[in-house]
1. Give all pairs with beta carbons closer than 7 Å in which a residue from segment 80-107 that is touching a residue at least 60 places away in the same chain (Cβ under 8 Å) meets a residue that is of a type in the set (Gly, Ala, Ser); count only pairs at least 6 apart in sequence or on separate chains.
2. Within segment 70-79, can you find the residues that are without any contact (Cβ under 8 Å) to a residue 60 or more places away in the chain and assigned to a helix (DSSP H, G or I)?
3. For a quick check of your reading of the model, give me the residue pairs whose first member lies in segment 57-69 and is touching a residue at least 60 places away in the same chain (Cβ under 8 Å) and within 20 Å of Asn80 (Cβ to Cβ), whose second is surrounded by 16 or more Cβ atoms within 10 Å (Cβ to Cβ) and of a type in the set (D, E, K, R), with beta-carbon atoms closer than 9 Å and at least 6 apart or on different chains.
4. Any idea which of (1) open to solvent by 50 Å² or more (accessible area, probe 1.4 Å); (2) on the phi < 0 side of the Ramachandran plot is the one Ser87 doesn't satisfy?
5. Considering only residues of segment 30-47 that are open to solvent by 80 Å² or more (accessible area, probe 1.4 Å) and more than 19 Å from the chain's Cα centre (by Cα), which is modelled with the lowest pLDDT?
6. Given the criterion of a type in the set (Asp, Glu), open to solvent by 50 Å² or more (accessible area, probe 1.4 Å) and under 18 Å from Ala6 (Cα atoms), identify the matching residue among Glu102, Glu74.
Amino acid sequence: MLKQYAELKRDLTAFNQVSSPSFDGVSSHSSRNGAESRLINHVDLAYQLKEVEYALNAIDDPQYQFILHDYIIEKRFTRNEACNQLSVSVSKFNYIKNQALESFYFAYCG
């Protein structure tokens, strides 16, 4: 989910730049029109983003936040650069990353 977060955010931004959907006044149980499908997709994307944001905001540890946001989501750093930013060895970084992912999992699914 974290790896998809940045992509979901871009998709939602792109959707918001499209003009407002219009609906026909007739209810159809057999199929949705394109505007309805896009609106449902928009709501689903927005909900997924909010859930991820709530989970990320629930994490207080700055090292966890750095790893989750800057390293995993935004991909701003290589693993070695992230190790240097945190002043830790690769094995310590992997340990902290696993703890951060576990913390996110419990915040997201809990």
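The values are calculated or read from the model by the stated rules, or taken from the named source; none is laboratory data. From a predicted model like this one, the values you see are computed outputs, not experimental measurements. Neighbour counts run over all protein chains shown; Cβ positions are idealised from the backbone, glycine included. All accessible areas refer to the heavy atoms of the entire protein, side chains included, with ligands and DNA or RNA removed. Shrake-Rupley method; radii C 1.70, N 1.55, O 1.52, S 1.80 Å.
1. Phe104/Ala55
2. Across segment 70-79, the qualifying residues are Asp70, Tyr71, Arg79.
3. Here the result reads Leu68/Lys97, each pair linking segment 57-69 to a residue that is surrounded by 16 or more Cβ atoms within 10 Å (Cβ to Cβ) and of a type in the set (D, E, K, R).
4. Single failed check for Ser87: (2).
5. Here the residue is Ser30.
6. On inspection, the qualifying residue turns out to be Glu74.
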